[in-house]
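Structure record follows, encoded as structure tokens.
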Amino acid sequence: MVNYSLPPDAFGDRFVLEHLPLARRATGYAVQMLGSDQLIDRVTGDFLPIRSPALNGLFDSFDAAHAVAQAWVERHCPDPNEHRLAIVPAGYDPVFQRHILIYGVLCAQP
């Protein structure tokens, strides 16, 4: 594992869930692989689809999500500038028993 010194905004600008003007309430921070519906699982550190019943993908803080994202980059990315990860607001739907991407699938390229 290589230790990279990534900037604080390497996975997007820091935000506070309660300050976001969202149509649907977010209940946590998630690490999304851009261009996919996959989030980092808190237990395994692997990416799982949001519909996976095994996914435990909500973090209580931006900092906790950032630490996991950085650890993933250190394990999997030879070039840390090409990681394709973003910290996003997310939720959990108890009726459907799955995670919710508030912004949907974010594109890997603008």
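Extension gain for L22 to D9 (0.36 nm times residue separation, less C-alpha to C-alpha distance): 2.6 nm.
Taking DSSP loops as anything outside H, G, I, E and B, show the longest stretch in the chain free of trypsin sites (Lys or Arg not before Pro) there with at most 15 other beta carbons within 10 Å. Walk me through the numbers on the way to the answer.
Working: sites that count: R14, R24, R25, R51, R84.
Here the longest run is 52-83.
If the only charges are +1 at each Lys and Arg Cβ and -1 at each Asp and Glu Cβ, what is the size of the charge dipole of the chain around the Cα centre, to the nearest 20 debye? Walk me through the intermediate numbers first.
Working: 8 positive and 12 negative charges, 65 e Å.
Computed about the Cα centre, the dipole is about 320 debye.
With the helix formula -39500 (n - 2.57) applied to DSSP H stretches of n ≥ 4, the chain reaches a computed 222 nm mean residue ellipticity of -4500 deg cm²/dmol. For I102, the residues 5 or more places off, or on other chains, whose built amide H falls under 5 Å of its own are G91. The GNM of the chain, with springs linking C-alpha atoms under 10 angstrom apart, assigns the highest mean-square fluctuation among V68, V31, V95 to V95.
Remark on G57: its backbone amide H falls under 5 Å from those of R42, a criterion applied only to residues 5 or more positions apart or on other chains, H modelled at 1.01 Å from N.
Taking amide H as placed 1.01 Å from N in the peptide plane, G28 has its amide H under 5 Å from the amide H of A90, each at least 5 places away in sequence or on another chain.
Compute the length gained on full extension between V95 and S61: take 0.36 nm times their separation in residues and subtract their Cα-Cα distance, giving the result in nm to one decimal. Can you show the working numbers first?
On the way: separation 34, 0.36 × 34 = 12.24 nm, distance 2.42 nm.
Contour length minus the Cα-Cα distance gives 9.8 nm.
Whole-Hz Karplus values for segment 22-30 come out as 9, 5, 10, 5, 8, 10, x, 9, 10 Hz, taken residue by residue from phi with 6.51 cos²θ - 1.76 cosθ + 1.60 and θ = phi - 60°; glycine and proline positions read x. Divide the volume of the convex hull around the Cα atoms of the chain by the residue count and you get 101 Å³ per residue.
Centroid-to-centroid, using Cα positions, segment 81-110 and segment 6-65 are 6 Å apart.
Relative to the longest principal axis of the Cα atoms of the chain, the long axis of helix 62-76 lies at roughly 50 degrees. Among the protein heavy atoms, those of T27 account for about 70 Å² of accessible surface (1.4 Å probe, every chain in place).
The values are calculated or read from the model by the stated rules, or taken from the named source; none is laboratory data. Note that the structure is predicted; figures quoted are calculated from it, not measured. Don't worry about glycine lacking a Cβ; one is built from the backbone with ideal geometry, like all the others, and counts go over all protein chains shown. To get the accessible areas, we keep the full protein, side chains included, count just its heavy atoms, and leave off ligands, DNA and RNA. Shrake-Rupley method; radii C 1.70, N 1.55, O 1.52, S 1.80 Å.
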